[in-house]
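What follows is a set of notes on a single structure, which appears directly below.
The values are calculated or read from the model by the stated rules, or taken from the named source; none is laboratory data. Note that the structure is a prediction, hence the values are computed from the model and not measured. Note that we place each Cβ from the backbone using ideal geometry, even for glycine, and neighbour counts take in every protein chain shown. For the accessible areas, the whole protein counts, side chains as well, though only heavy atoms, and no ligand, DNA or RNA atoms are used. Shrake-Rupley method; radii C 1.70, N 1.55, O 1.52, S 1.80 Å.
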Amino acid sequence: MPAGERLRWYAQHFEMVELNSTFYSVPEPRMVERWCAATPDDFTFDVKLHQLFSFHSTQAKLLPPDLQRHARDRCQGKCEIDADLQEALLKIFLRSTSIFLRCGQAWRLSLQLSPAFSPRKHELGELIQLIEMLSDYDLAIELRNRNWAVGDQLQSTIDFLQEYHAVL
């Protein structure tokens, strides 16, 4: 099936699709408008947040052009998250993806964390700033390190997600 026909087909057979492409680049507004036009209003988009938010090191070339120049000054090829870069990228990302709201489309954001984001090296509190910046949006968090969901850590993880109204 040609790539241009897949989304329409998915919308006929499924109620939801995960947008993996948004993990690698901020979608152009025209692309989001095309996604909306190709699907019914009750179809849900699970919009994966850009990899920079996910504690993955990110190549500067995967950032929007305006941020690439900014990032090159501070990164040697790959960027780690910092508050200024996070806020700037989030503004650009939400400007583009909020078109779903204007179109009346159902959607939510999904934060897919790196498997290296583990309770041994990190704390869920490191996510608070991002979660608070996204408080007006439905947010799902994918913890890809299983140690967040074992033993005593499981209840702590559930409590954190409930406190910040995020879905696991």
So GLN155 clears everything in (1) in a helix (DSSP H, G or I); (2) closer than 29 Å to ALA60 by Cα except one condition, right? Which one?
(2)
Can you spot a residue in the range 145-156 that is basic (Lys, Arg), at pLDDT 95 or above and on the phi < 0 side of the Ramachandran plot?
yes
Please enumerate the residues belonging to the range 129-168 that are acidic (Asp, Glu), surrounded by 12 or more Cβ atoms within 10 Å (Cβ to Cβ) and either touching a Lys or Arg at 6+ places or on another chain (Cβ under 8 Å) or more than 17 Å from GLN51 (Cβ to Cβ) (or both).
ASP138
Go through the range 44-56 and give me each residue that's open to solvent by less than 30 Å² (accessible area, probe 1.4 Å), part of a loop (DSSP other than H, G, I, E, B) and at pLDDT below 95.
HIS50
Checking the condition in contact with a Lys or Arg (Cβ under 7 Å, 6 or more places away or on another chain), crowded, with 17+ Cβ neighbours inside 10 Å and either at pLDDT below 95 or not polar (S, T, N, Q) (or both), which residue from LEU67, LEU113 passes?
LEU113
Filter the range 1-43 down to the residues that are within 16 Å of TYR137 (Cβ to Cβ) and assigned to a loop (DSSP other than H, G, I, E, B) and list them by number.
VAL26, PRO27
